[in-house]
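Enquirer: Starting off with a structure, shown below.
The values are calculated or read from the model by the stated rules, or taken from the named source; none is laboratory data. Just so we're clear, the structure is a prediction, and the values are computed from it rather than from any experiment. With ideal geometry, Cβ positions are generated from the backbone for all residues, glycine too; neighbour counts draw on all protein chains shown.
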Amino acid sequence: MQKQLKKAFGKKFADPSIIMCPSNHQLKMKDSIPTVKQTIVACDICHKDQIDKHLIYFKCESSCNYDICSSCYILHLFGLNTVIEYIKMGVDRNFERVQQGLPIEHISVLSIIQQLKKF
């Protein structure tokens, strides 16, 4: 599968087993059938909520409660850490906007990548 991805995307990407949480614990893929139950599992990078309702998400197996959605995991695989930092900054700006009573901004990964290509 790694060879197919390298061929398709033309980039070298990291071994998925080396993606760790901030406490240096390995993330494990969780796959499940989505349910209608109310959940509070959110991505710790982009803050997308209810990611445990998705078919696949990634979770720290230790007790540090670190979870990421499949989209943010893919950004890690391809070493797009700068994009992840821009997402985090956008999320922080949106938290500030909500506190000020302003509407939130849409965070587009594609527009972030296009902006970074200009530099």
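Enquirer: Yes or no: the stretch 29-49 includes at least one residue that is at pLDDT 85 or above and surrounded by fewer than 10 Cβ atoms within 10 Å (Cβ to Cβ).
Expert: So far as the stretch 29-49 goes, no, none of its residues is at pLDDT 85 or above and surrounded by fewer than 10 Cβ atoms within 10 Å (Cβ to Cβ).
Enquirer: List the number of the failed condition for His25; all other conditions in (1) modelled with pLDDT of 85 or more; (2) within 28 Å of His106 (Cβ to Cβ) hold.
Expert: Checking His25 against (1) modelled with pLDDT of 85 or more; (2) within 28 Å of His106 (Cβ to Cβ), the one that fails is (2).
Enquirer: Here are Tyr57, Tyr66: which of them is closer than 26 Å to Met89 by Cβ, in contact with a Pro (Cβ under 7 Å, 6 or more places away or on another chain) and either modelled with pLDDT of 85 or more or surrounded by 15 or more Cβ atoms within 10 Å (Cβ to Cβ) (or both)?
Expert: The match here is Tyr66.
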